[in-house]
Every structure is written in structure tokens, then in C-alpha cells.
Amino acid sequence: MKKTLRFTALAAVLALIFTACERQPTPGGNEGNNDPKERVIVYTVGQTENRQNLDTEGEWDALLDVLCTQAQNGQTVTFYNMNQITYHQNKEAGGTKAAKTFTTSNRDEMKAWMKEREKEGLTVVVTYNNGTWQGMAYASAPPASTSVDIIGTWHFICSVVNHIDQNGSFTGSDLFVPEDGGGSMHYTFYNDGTLTLTFTGMDGTTATDNSTWTLDNEGELCCELLPNGGCWNVNWITDNTMIISRAELGTEEGDLLYQLQFDRE
């Protein structure tokens, strides 16, 4: 049986699930070539998307070398660190939402620039042509491409909320996975700016709600039906995956960093 409900009911269900999540300790690390430093890097080489878990600075350095080599071989390379801890540690460095660009003929300079943009929580795009490296880094993907890429149905995979206390120390993370409760959530974005959220319960019944979505001039995705509502940075969007994030800074609990992941249906 199919039912149509207002999102207030769905939001109440989600709020209960979020508060019931177990908070997991979040490990830290020290800087240094082989010191522990966890990263989850999603990247594309040409049209191929990959994801790699890294545990040390040495592993990150090695992956950057591989990506640089692929760029030199004529591929467009794009990467993003899904671990928001790095971003928060450098939140003052990110500054404006405007995209950053860089051009050099020196591979080591290009690699150093890639490292700095990763620390700022930015998505990095690198190309190489006729001896010249070109880099672009952004917090939100360009709205012109996102407005096309987002059209379709996306399966909401999970939400992660990182907690940072008022002293700047990480206290843990909350993880919400709809399937853990036996249900599922799907967002369908239409090219007329409307959106349908479908929530399927463990008994197979569905509830839907409709709203609108927009992209602002900085590429932020805004929709009231996204968890916690508001506007989100579109950090990553491909034919397969969408990752969006936002921060609530200076709350009574400290800083909260939200990240949502979707897979295309």
C-alpha cells in the first residue's frame, strides 16, 4: 500500500534514528610522511571511479604520485577526501567558496598544491598538457554541470555526523544507514526543479513527500527534504556517486560536520 505523508512525520522518524546512533571514536594522526593519517579518497581517472582507504601519509603520497602519472598520461584526474576531519583542522584556510586554480611546469609544485587543497577539504581536478600542469579546486562542483548530473533517482546510502567539542577536539561520529533499520530512502531530482523523497519501511510500505531543489551561484544544493534541510556543498558528483556536506559551527555542542552519500539508481 502506498501512502503520501508530509515530511514532518519522516523527519521525526529520522530524528529518532539519528539520536539512537552509537557514537564511534574518531582516530586522529600526526603529520609526517609515514605517520598515521586516515583518509578515504574517492577519485576518478578519466571516466573510471575508485575509492581507496589510506592509513598513513606515506600511502597518501604514493597515491598522489600515481594520480600525477595518470594526468601526465593524458587523463583528467579528480579526487576528494571523504574524511571531514582534515577539513575542520584547516577550516580557516578554505576561505571563499570561489574555485582555486594553479598552473605550473613543475611536478613537485603541482603535487604540493594538491596536498594543500586536500587539507582545505576541496575537490581537486588536475590535467597535464604540453609540459604544463593545470589544477582547479572547489568546495562545490560548478553549478552548470551539477544541474545536469543531479537529474535522476539517488539512493541515500548513509549520513555521517562528526562532533567537535568547543576546544576543537573530536569526540566521535554518528552514523545513520537507512537499511540498518530495514528501510530505504530515495531522492528523485527532476529537471523542472522539483523533487520527490520516497521512504520505504521494513514492511514494504512507502511514504512520499515532494518539494523543490535549487543550486545557488556557488553551487550549493538547497532542499528542505534533505536531512537537516538547508544548503549543502556538492563535493562529489559522478554517474555513480554523490557526496554532499555542510557544517554547523559554534553550536552548544561545538561544531557539527555533516556528510551524506548517495548512489545513483
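The values are calculated or read from the model by the stated rules, or taken from the named source; none is laboratory data. In this text, all values refer to a predicted model and were calculated from it rather than measured experimentally. Reconstructed Cβ throughout: ideal geometry from the backbone, glycine too, with neighbour counts over all protein chains shown. Calculation scope for accessible area: heavy atoms of the full protein, side chains included, ligands and nucleic acids excluded. Shrake-Rupley method; radii C 1.70, N 1.55, O 1.52, S 1.80 Å.
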Here the residues within the stretch 239-265 that are farther than 11 Å from Ser140 by Cβ and either free of Cβ contacts under 8 Å to residues at least 24 places away in the same chain or surrounded by fewer than 16 Cβ atoms within 10 Å (Cβ to Cβ) (or both) are Asp239, Asn240, Glu248, Leu249, Gly250, Thr251, Glu252, Glu253, Asp263, Arg264, Glu265
Of those in the stretch 156-192 that are part of a loop (DSSP other than H, G, I, E, B) and over 23 Å from Thr212 (Cβ atoms), the residue least open to solvent (accessible area, probe 1.4 Å) is Gly183
Condition set open to solvent by 50 Å² or more (accessible area, probe 1.4 Å) and of a type in the set (D, E, K, R), scope the stretch 59-71, selection nearest to Val40 (Cα to Cα): answer is Glu59
Selection from the stretch 44-58 of residues surrounded by fewer than 17 Cβ atoms within 10 Å (Cβ to Cβ) and under 24 Å from Thr241 (Cα atoms) yields Gly46, Gln47, Thr48, Glu49, Asn50, Arg51, Gln52, Asn53, Asp55
Report whether or not Gly74 is over 22 Å from Val40 (Cα atoms), open to solvent by 30 Å² or more (accessible area, probe 1.4 Å) and without any contact (Cβ under 8 Å) to a residue 24 or more places away in the chain. no
Checked the stretch 207-261 for anything within 10 Å of the chain's Cα centre (by Cα), among the aromatic types (Phe, Trp, Tyr) and over 16 Å from Ile41 (Cα atoms); matches are Trp232, Tyr258
Open item on the list: Looking at the structure I just gave you, is Tyr43 modelled with pLDDT of 50 or more and assigned to a strand (DSSP E or B)?
Closed with: yes
If I filter the stretch 195-213 for residues that are touching a residue at least 24 places away in the same chain (Cβ under 8 Å), of a type in the set (Gly, Ala, Ser) and buried (at least 18 other Cβ atoms within 10 Å of the Cβ), do I get at least one hit? yes
All-but-one check, Gly74 against (1) closer than 26 Å to Asn228 by Cα; (2) part of a loop (DSSP other than H, G, I, E, B), failing number (1)
Original post:
Quick check: is even one residue across the stretch 130-143 in contact (Cβ under 8 Å) with a residue 60 or more places away in the chain, part of a helix (DSSP H, G or I) and out of contact with any helix residue (DSSP H, G or I) (no Cβ under 9 Å at 6 or more places or on another chain)?
Top reply: yes
Of (1) out of contact with any Ser or Thr (no Cβ under 9 Å at 6 or more places or on another chain); (2) closer than 15 Å to Met242 by Cβ; (3) in contact (Cβ under 8 Å) with a residue 12 or more places away in the chain, Val148 fails just (3)
- Message: Looking at the structure I just gave you, is Ile243 touching a helix residue (DSSP H, G or I) at 6+ places or on another chain (Cβ under 6 Å) and of a type in the set (A, V, I, L, M, F, W, C)?
- Response: no
Item checked: Boolean, Ile164 is closer than 25 Å to Thr44 by Cβ, aliphatic (A, V, I, L, M) and more than 16 Å from the chain's Cα centre (by Cα) -> no
Residues in the stretch 218-238 that are buried (at least 17 other Cβ atoms within 10 Å of the Cβ), over 23 Å from Ala98 (Cα atoms) and among the acidic types (Asp, Glu) total 0
Is it true that Gly32 is more than 26 Å from Glu179 (Cα to Cα), loosely packed, with under 13 Cβ neighbours inside 10 Å and at pLDDT below 95?
yes
